[in-house]
1. Among the candidates ALA285, ALA308, which residue alone is on the phi < 0 side of the Ramachandran plot and open to solvent by 60 Å² or more (accessible area, probe 1.4 Å)?
2. Can you report the number of residues in the range 239-251 which are over 26 Å from the mean Cα position of the chain (by Cα) and either in contact (Cβ under 8 Å) with a residue 60 or more places away in the chain or not in a helix (DSSP H, G or I) (or both)?
3. If you check VAL70 against the conditions, is it over 14 Å from the mean Cα position of the chain (by Cα) and either surrounded by 15 or more Cβ atoms within 10 Å (Cβ to Cβ) or not charged (D, E, K, R) (or both)?
4. Assigned to a loop (DSSP other than H, G, I, E, B), in contact (Cβ under 8 Å) with a residue 12 or more places away in the chain and open to solvent by 50 Å² or more (accessible area, probe 1.4 Å): is that true of LYS260 in this structure?
5. Scan the range 54-78 residue by residue and report those that are within 16 Å of the ligand (Cβ to nearest atom), touching a strand residue (DSSP E or B) at 6+ places or on another chain (Cβ under 7 Å) and β-branched (Val, Ile, Thr).
6. Which fully enclosed strands (runs of 3 or more DSSP E) of the range 173-228 have 3 or more residues being more than 26 Å from ALA285 (Cα to Cα)?
7. May I ask you to list the residues in the range 75-116 that are in a loop (DSSP other than H, G, I, E, B), farther than 28 Å from LYS44 by Cα and either in contact (Cβ under 8 Å) with a residue 24 or more places away in the chain or of a type in the set (Asp, Glu) (or both)?
8. What are the pairs, 6+ residues apart or on separate chains, where a residue within the range 21-46 that is more than 16 Å from LYS73 (Cβ to Cβ) has its Cβ under 9 Å from a residue that is at pLDDT below 95 and small (Gly, Ala, Ser)?
Amino acid sequence: MATNKPKWIRKDLLGLGDLSREEIELILDTAYSFKEISTRQIKKVPALRGKMVVNLFYEPSTRTRVSFEVAAKRLSADVINVAVETSSVKKGETLADTGRNIQALKADIIVVRHNCSGAALMLARHLDISVVNAGDGWHEHPTQALLDIFTLKEKMGKISGLNVVIVGDIAHSRVARSNIWGLTKLGANVVVCAPPVLIPAAIEQMGVRISHNIEEALENADAVNVLRMQFERDELGAFPKQMEYFRNFGITKERLGKAKRDIIVMHPGPLNRGIEMSSEVADGANSVILEQVTNGIAVRMAVLFLVAQGREKSR
Ligand code: CP
């Protein structure tokens, strides 16, 4: 009997802006089916046995790099982590040439993080093997948004109709952009909240509402996703000072006290305690920050599994 189940045909995952609602739902459903594997005594299935995954990170990472490695190993793939600092990148090799050489070494999937927006797309166009974007400049961080949305759906049972606030450095945040694409495609109402200097021009065209007042933004929120203040990207010295930011936008117990009692507090990490939120909130009953990290494994298993299938179909 014919089914209407969506099929995955892409060899790469570059961003959520490219994906349909059905493709996002397929990743989430696949992740649900994989989550249970991490609770088994033997946390491994043979789905990617014989495949090779290369982690190529040009920027620091803890959660994303480690969870891609764990996800690949749960699927029985071989994993190579390229230490960019001690690689031939330091001798001037381009990203495309590094990718071509990794392909020549018979890798099947490259997971790439780079400080340039579009780096993953450029690599994908040069290579026949799969490319997964683990964060490119200010552009997208699709697997972070997928794990945020997965966690939210797990907690709330749905995404459509939820009121989600994204607070913080929206201007420089690939996490914000991917979350906005994903959440709006799945029918959530998204508010971005920050001082004007941290809100990019024309962000409303992505289907979000802007607020500069965190108390007002939190009033009807089902969830708040608190972004890291990326002070390292403050090239013009235009960011508010840390204490000023915390005073005006920091998520505190007092501010949460005026929001819905069961509001979900998320943060992609790494967290600056006392700047984006108080420790009381980060470690409190509403926080799902560490559940997000755990869910990153299942989501990244789903992504690796699907792009590997997509590559087979594209050959
Ligand atoms: N959220 C996130 O991307 O964390 P890492 O930089 O530690 O990977």
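1. Working: ALA308 fails: open to solvent by 60 Å² or more (accessible area, probe 1.4 Å).
Only one candidate passes the filter, namely ALA285.
2. Result for the range 239-251: 1.
3. Numbers: over 14 Å from the mean Cα position of the chain (by Cα): yes; either surrounded by 15 or more Cβ atoms within 10 Å (Cβ to Cβ) or not charged (D, E, K, R) (or both): yes.
Judged against the criteria, VAL70 is a match.
4. Numbers: assigned to a loop (DSSP other than H, G, I, E, B): yes; in contact (Cβ under 8 Å) with a residue 12 or more places away in the chain: yes; open to solvent by 50 Å² or more (accessible area, probe 1.4 Å): yes.
So LYS260 passes the test.
5. Our first condition is that a residue be within 16 Å of the ligand (Cβ to nearest atom); within the range 54-78, this holds for 55-72.
Of the ones still in play, those that are also touching a strand residue (DSSP E or B) at 6+ places or on another chain (Cβ under 7 Å) are 55-59, 61, 64-65, 68-69, 72.
If the condition is that a residue be within 16 Å of the ligand (Cβ to nearest atom), touching a strand residue (DSSP E or B) at 6+ places or on another chain (Cβ under 7 Å) and β-branched (Val, Ile, Thr), then THR64 is the only one that fits.
6. Details: elements: 189-193, 209-211, 223-226.
It comes to none.
7. To start, the set of residues in the range 75-116 that are in a loop (DSSP other than H, G, I, E, B) comprises 75-77, 87, 92-94, 105-108, 115-116.
Subsequent filtering for residues that are farther than 28 Å from LYS44 by Cα retains 87, 92-94, 115-116.
If the condition is that a residue be in a loop (DSSP other than H, G, I, E, B), farther than 28 Å from LYS44 by Cα and either in contact (Cβ under 8 Å) with a residue 24 or more places away in the chain or of a type in the set (Asp, Glu) (or both), then GLU93, ASN115 are the ones that fit.
8. none
The values are calculated or read from the model by the stated rules, or taken from the named source; none is laboratory data. Values in this document were obtained by computation on a predicted structure and should not be read as measured data. Neighbour counts are summed over all protein chains in view; Cβ atoms, including those assigned to glycine, are modelled from backbone coordinates with ideal geometry. Side chains are part of the model used for accessible areas, which takes the heavy atoms of the whole protein and leaves out ligands, DNA and RNA. Shrake-Rupley method; radii C 1.70, N 1.55, O 1.52, S 1.80 Å.
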